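Peer 1: First the structure, which I've put down as structure tokens, then a few questions once you've had a look.
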Amino acid sequence: MSIVLRCLCVQLAIALFLLTQTSSTETHANNTGSCVASERSALVRFKAGLSDPANFLSTWRGDDCCRWKGVRCSKRTGHVIKLDLQGSYDSYLGGNISSSLAGLERLRYLDLSGNAFSGFQLAETLPSLHHLRYLNLSSSGFVGRIPPQLGNLSNLRYLSLGGNADTYSTDITWLSRLSSLEHLDMSSVNLSAIPNWLPVVNMLPSLKVLLLTSCQLNNSPDSLVHSNLTSLETLDISFNLAPKRLAPNWFWGLTSLKLLDISWSQFSGPIPDKIGNMSSMVELYLSHNNLVGMIPSNLKKLCNLETLFIHDAGINGSITEFFQRLPSCSSNNFSALDLSNNSLTGSLPTKLQESWLNLTFLYLGGNKLTGHVPLWIGELRKLTALNLMNNYLDGVIHEGHFSSLARLQRLLLSGNSVAITVNSTWVPPFNLTMIGLRSCLLGPKFPLWLRWQTPIYLDISNASISDIVPDWFWIMVSSLDSVRMQQNQLRGFLPSTMEYMRTSAMDLSSNQFSGPIPKLSINLTYLDLSTNKLSGLPLEFGTPLLEVLLLFGNSISGTIPSSLCKLTSLKLLDLSRNELTGSAPDCIVNQSTTNTESLSLSNLSLRNNNLSGVFPLFLKNCPDLIFLDLAHNKLFGTLPSWIGEKLPSLAFLRLRYNMFHGHIPLGLTKLANLQYLDLSNNNMSGSIPKSIANFTQMILSKDKSDEFNGVLNFEDVVYRSDVDYTLNFTIVTKGQERLYTGEVIYMVNLDLSCNNITGEIPEEMGALVALKSLNLSWNALSAKIPEKIGALVQVESLDLSHNELFGKIPTGLSALTSLSHLNLSYNNLSGEIPPGNQLQTLDDQEYIYVGNPGLCGPTISKKCPGTELIPATLEHHEDASNMISFYIAMSSGYVMGLWVVFCTFLFKRKWRIFWFAFCDSLYNRVYVKVAVSWASWTRKDG
């Protein structure tokens, strides 16, 4: 009997199992039956309200909706149970969500993520789908308040509203009704106004995944009285920029966590010891915070830890001690470690721990590590990425360091002083996708082992290579996305196959490449060939996507080809310091209409060439131009009045050492953004326009916190923001031309020197209080120096020499505390040099004022009137003569009288005896009289 019962029980269990399997596979099985007609109609109405630019719903036709893309039906009932319409960057839906979805009453799975339902209001369109278990609305452009009706979906196990930045909530108590919820994603939902968000989340005991990135959680509590989140395995609260101590915090008590991400949240202080209790931890992300000190020693207890990211977090201490505190359990599968951009010091350990053998990802770059790269690196057989860049490592790396790294894909050693010394016949065991060896010693011969690599990124700049580039290297480069080889001694011609390369960014600057530049790759966006020995430009550039072209410091001759006008994406062009001749191309497309190609140029430098002709006309179609340098050429003619109208963004204009003539156009003063104007060493005439005060950027002071109103940002046009284009920018100030290595946006200069400008210095110039350098020397300026020149409180260099200025020096100059260079020589200035400590500190005092004979003062050793005797008139001379005669007569009489008495006493002895007796008698009488009077006064007082 018992056997029969057992058989019946087994049969019943099998039946129940099959029934369960049938039910559970309704979502995944292939559709075999027709869908319910009412639900097909609901889907048709739903499609009618959508926009479908990628034709994603092209299969939504015919009677059987169960065969439509993204639609799954129950095999048993035919009801639509799954609707998966997840979008992507190139295939997405838009429009409005129709309420017709409410007709899919058996729907269990709904995914509308990654679409573009811009402006869609959840409260108005969310249907009552009570059977939903999975709802994904992330990153779909939904806006507005999250409706409390979501709490009615009591069967939900997965809910994602993340990535909708314009979605917010004022009350999330409805979450507590979703007792079966296991996955909750509310990333980017603004929860800053909900102080009780954590107690509500704490009422979800089934919750396993909680994602709250970028939710403005500035009100997180320190602890929970009683935590119900005993099933929580994944917690991501990253990108919540609310400065706070790392401990205490509520999440340190969640011992079931397997993944914790608190990166980019401005937590500060040391990592707490409580982390040692989180024994289930597999992945830990603490990057981009303000931590201090070392990881706790009890981190060794985390035997399940596989990934530890503490990138750019402020930790410090010995790298050896850090490694000693990592888990070393025998069962440990530690695989990824990122400690880059911290302050760890010392040498890498000399011995390899057994627990490190599973490392696949090791990033230690941007610290202060010293010593050699240890040989055990070569024993990490599973390693795919090694980053030791920007440390102080030295020594030699040889084949033994790479012997077992067959899986290595990224090798980043840039910014160290290591020498890679391998046999010329060595074939690496790996095939790298990223190679960063800047400043490593690879030369002097070209590293042949690169022949066996197929990277997408290569940096061998400043690697002491002095050799001809082999042909096989250009073949390898043709498949790269980015190559950097600057600051070597590479020789040879650029290959004619450059136009077939897929490379988008190439830096070959500061080498010795010669010959003409061939036609370029259609994929190039950045090209730097500056400071080589190149001789010619291509007739056709062939690079419509090119944004940056740097060719300065070569020997390029000939004219600028008109094909340059086809580079409509070009933002930065530097052809300076070459041997170009002729005029700039006019870029005229249609001779009958004189239409020109619209260009995107923001920075253009043609200085130090032999260009001729008038001011380039193609610049009319460069409305985004910010920086223009045409200095040291042979351009002539007048400056066009359209500059102020056609170049509204211009901030830097340098035209020095050309042959421009005529007046300074009034249109130039319409450039409100202009902050650097250099017209020196031309033949400009006329007067300085009073409207020069319209240069707003010469009036507004700047500091490090100021932005440039979006006008100038070299990082926008320099590939990867790691090339300092200002290295080729020169300025003239304090009487010298020099390379400028500072931040260009803080240079505010005005230089009109060495022209034929006449008239006065307008008082309006005193309004340009942001000026750092003002040079008006070697002109024909007359009249007085305006008193308002003393208002230029930031000026560091002021040169008004070699003009016809007259009158006194304004006293305000002595108050210019920033002034370090002054030249007022060779004018007609007169009067006293203003006193003041600032003017006394300047060097070359005599040179500053030379050529002004009317000046006086202690600084030039010429006393001013009033510090000497007053010149006498004739009347004064007569009075002085009488006075002198009187004193001479009186002195003579006194001397003669004394001499007569002396001679009488000398020759008559009796007279001497009589005289001294008379003096003694007179003395006795006076003494007795004084003594009697004094005794009488003392008695009266008593």
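Peer 1: How far apart, in nm, are the 7 Å Cα→Cβ label points at Arg45 and Gln512?
Peer 2: 8.0 nm
Peer 1: Starting from the Cα of Ser820, step 7 Å toward the Cβ, then list every residue of the stretch 760-800 with an amide N under 19 Å from that point.
Peer 2: The answer is 770-775, 792-800, whose backbone nitrogens lie closer than 19 Å to the label point.
Peer 1: Step through the residues of the stretch 549-556 one at a time and calculate ³J(HN,Hα) from phi using the Karplus curve (6.51 cos²θ - 1.76 cosθ + 1.60, θ = phi - 60°), rounding each to whole Hz and writing x for Gly and Pro.
Peer 2: Once θ is set to phi - 60°, the couplings for the stretch 549-556 become 9, 10, 10, 5, x, 10, 10, 6 Hz.
Peer 1: Right, next: Per the Kirkwood treatment, what hydrodynamic radius in Å, one decimal, follows for the stretch 123-266 from the mean inverse distance over all distinct Cα pairs?
Peer 2: Roughly 15.4 Å, rounded to one decimal.
Peer 1: Just subtract the alpha-carbon distance of Ser279 and Ser231 from 0.36 nm times their residue separation and send over the number in nm, one decimal.
Peer 2: On the way: separation 48, 0.36 × 48 = 17.28 nm, distance 1.42 nm.
Gain on extension, Ser279 to Ser231, equals 15.9 nm.
Peer 1: Now a separate question. Find the percent of Cα-Cα distances in the stretch 468-623 that exceed 28 Å, and round it to a whole number.
Peer 2: Working: 2200 of 12090 pairs.
Taking all Cα-Cα pairs of the stretch 468-623, the fraction more than 28 Å apart is 18 percent.
Peer 1: Further question on the same structure: Which residues among the stretch 283-313 fall inside the zone where the amide N is under 16 Å from a point 7 Å beyond the Cα of Arg245, along Cα→Cβ?
Peer 2: From the stretch 283-313, the list is 290-293.
Peer 1: Another question, if that's okay. Taking Cα atoms of the stretch 223-283, Rg/Rh with Kirkwood Rh, to two decimals? Don't skip to the end; give the middle numbers.
Peer 2: Working: Rg = 11.3 Å, Rh = 12.1 Å.
Rg divided by Rh gives 0.94.
Peer 1: Whose amide H sits under 5 Å from the amide H of Gly371, counting only residues 5 or more places off or on another chain, with H placed in the peptide plane?
Peer 2: Answer set, sorted by chain and number: Asp394.
Peer 1: Now, a different point. Test of understanding: what is the full-extension gain from Ser687 to Arg491, defined as 0.36 nm times their sequence separation minus their Cα-Cα distance?
Peer 2: On the way: separation 196, 0.36 × 196 = 70.56 nm, distance 5.26 nm.
In short, 65.3 nm is gained.
Peer 1: Around Ile860, what is the net charge, scoring Lys/Arg as +1 and Asp/Glu as -1 over all other residues with Cβ under 12 Å from its Cβ?
Peer 2: Net local charge, Ile860 excluded: -1.
Peer 1: To continue, here is another question. How much net charge surrounds Trp250 when only other residues with a Cβ under 13 Å from its Cβ are counted (Lys, Arg +1; Asp, Glu -1)?
Peer 2: Taking every other residue near Trp250 into account, the sum is +2.
Peer 1: Shifting gears a bit: Near Ser414, within a Cβ-to-Cβ distance under 9 Å, what is the net charge of the other residues, with Lys and Arg +1 and Asp and Glu -1? All intermediate terms of the calculation are to be shown ahead of the outcome.
Peer 2: Values: positive: Arg438; negative: Asp459.
Net charge in that neighbourhood comes out at 0.
Peer 1: Right, next: Among His401, Asn391, Ser417, whose Cα projects farthest towards the positive end of the dipole of the stretch 331-469, with charges put on the beta-carbon of Lys, Arg (+1) and Asp, Glu (-1)?
Peer 2: In the stretch 331-469, that residue is His401.
Peer 1: If you don't mind, another one. Tell me, what HN-Hα J-couplings in whole Hz come from the Karplus equation 6.51 cos²θ - 1.76 cosθ + 1.60 at θ = phi - 60° for each residue of the stretch 487-494, using x for Gly and Pro?
Peer 2: Once rounded to whole Hz, the list reads 6, 10, 10, 6, 10, x, 8, 6.
Peer 1: Next question, about the same structure. With a 10 Å radius around each residue's Cβ, average the other Cβ atoms per peptide and rank 55-67, 611-623, 102-114, highest first.
Peer 2: Values: 55-67: 14.9, 611-623: 18.5, 102-114: 20.1.
In descending order of packing, they fall as 102-114, 611-623, 55-67.
Peer 1: Let me ask something additional. Would you please give the residues with an amide H less than 5 Å from that of Gly613, counting only those at least 5 places away or on a separate chain, with H modeled from the backbone geometry?
Peer 2: Those lying under 5 Å, H to H, from Gly613 are Phe636.
Peer 1: If you plug each phi of the stretch 414-431 into the Karplus form 6.51 cos²θ - 1.76 cosθ + 1.60 with θ = phi - 60°, what whole-Hz ³J(HN,Hα) values come out, in order, with x for Gly and Pro?
Peer 2: 4, x, 10, 10, 7, 10, 9, 10, 10, 5, 4, 9, 5, 10, x, x, 10, 10
Peer 1: Would you pull out the residues with amide H under 5 Å of Thr733's amide H, same chain only if 5 or more places away, H placed 1.01 Å from N?
Peer 2: Close amide H contacts, sequence-distant or interchain: Arg738.
Peer 1: Ranked highest first by average number of other Cβ atoms within 10 Å, how do 77-86, 844-853 line up?
Peer 2: Values: 77-86: 19.3, 844-853: 16.2.
So the peptides 77-86, 844-853, ranked by packing, come out 77-86, 844-853.
Bear in mind these aren't lab numbers, they're just calculated from the coordinates by the rules spelled out. Treat the numbers as computed from the prediction; the structure is a model and nothing was measured. Don't worry about glycine lacking a Cβ; one is built from the backbone with ideal geometry, like all the others, and counts go over all protein chains shown.
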